[in-house]
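Each remark here refers to the structure printed beneath this line.
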Amino acid sequence: GEDLLGAFLFAILLNFKHLFLYISPAYFIYLLKHYCFKKNGFSVVNFVKLGSLVVAVFLLSFGPFVLLGQLGQVISRLFPFKRGLCHAYWAANVWALYSTLDKGLAVIGSRLGLLGVSQGGGMMSGLVGDMHTLVLPSIPPIVTIILTLLTWIPAIVHTWLTSNATPRSFLKCLVLCAYGSFLCGWHVHEKAILMVTIPLSLLAVDDIRCARVFMLVSTAGHIALFPLLYQPAELLIKVTLCFIYWAIAYMGFSYTIRFNNSNVCCNVLCCGIL
């Protein structure tokens, strides 16, 4: 019921860390539907109050940079399109598969004498920068933006068409927007998967379908973070902690929503082994 407070806090959060731009469509569509559209129609007063509050936060944040003529530098750092499609340590998304396919084709084509390309470099160089593919077409930022927007559309449309916007429909939209951004975004960090799993955990506590998705996504997400702890002495610690986490989560779901599907447990264990 505190729509204005929620908008105010999220605007502050977004100005602290622009990564939350991934989930901003969920906030926008939910607040527009829940706060601005009432039973008697669209409320211009509520829309003005909501918009003024958000704009005020952004003016306080960006105003000094505008006055000093430094807004362009801020924008270039917030959206670093020159850093390359993939992060130096890849996120487990569409572009990781694309880059792997590119490298595989380059190696096969080079060994068969079909391609005159080097097997080195490319997206697998491990360097931070605008690296290009070896065989497949290079992906410009506009393509990732379009694909990300396309992944947002189903969640946004569904939330908008819902007769009564609820916190639960908002959470579902938020999770899907975050997941679409993670899968198709430009230069995505591997830790961005937490923006999917954390809100998804709120849906999982009383919905067996969301619980199944949560177990698989959180398992894959945590395993994808393993290389960040790369010291040999850390191997046993990270694996043990993850298995303890999976066991507690599984038992918790079993207790709250009769989460007794053995296939899900097997899938989780298989993900862990892989």
**Report entry** Options VAL44, VAL54, VAL48; residue that is in contact (Cβ under 8 Å) with a residue 40 or more places away in the chain and within 16 Å of ASP3 (Cβ to Cβ)
**Finding:** VAL54
Report summary line: Filtering the stretch 46-75 for residues that are among the aromatic types (Phe, Trp, Tyr) and open to solvent by 80 Å² or more (accessible area, probe 1.4 Å) leaves a count of 1
Requested in this report: Scan the stretch 174-187 and give yes if some residue there is closer than 22 Å to VAL143 by Cα, outside any helix (DSSP H, G or I) and open to solvent by 10 Å² or more (accessible area, probe 1.4 Å), otherwise no.
Outcome: yes
Report task. Tell me which residues, restricted to the stretch 188-215, are open to solvent by 20 Å² or more (accessible area, probe 1.4 Å) and either over 25 Å from GLY252 (Cα atoms) or touching a Phe, Trp or Tyr at 6+ places or on another chain (Cβ under 7 Å) (or both). Result -> HIS189, MET195, SER201, ILE208
**Report entry** Tally, over the stretch 153-173, of residues that are in a helix (DSSP H, G or I) and open to solvent by less than 40 Å² (accessible area, probe 1.4 Å)
**Finding:** 6
Report task. Have a look at SER262, SER254, SER218 and point out the one that is open to solvent by less than 90 Å² (accessible area, probe 1.4 Å) and either at pLDDT below 75 or touching a Leu at 6+ places or on another chain (Cβ under 6 Å) (or both). Result -> SER262
Query raised in the report: What pairs come up if the first residue lies in the stretch 228-246 and is at pLDDT below 90, the second is of a type in the set (A, V, I, L, M), and their beta carbons are under 6 Å apart, counting only those six or more places apart or on different chains?
Result: TRP246/VAL268
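The values are calculated or read from the model by the stated rules, or taken from the named source; none is laboratory data. Note that the coordinates shown come from a computational prediction; the quantities given were computed from them, not determined experimentally. We place every Cβ from the backbone using ideal geometry, glycine too, and count neighbours over all the protein chains shown. Areas reflect the complete protein model, heavy atoms only, side chains present, ligands, DNA and RNA absent. Shrake-Rupley method; radii C 1.70, N 1.55, O 1.52, S 1.80 Å.
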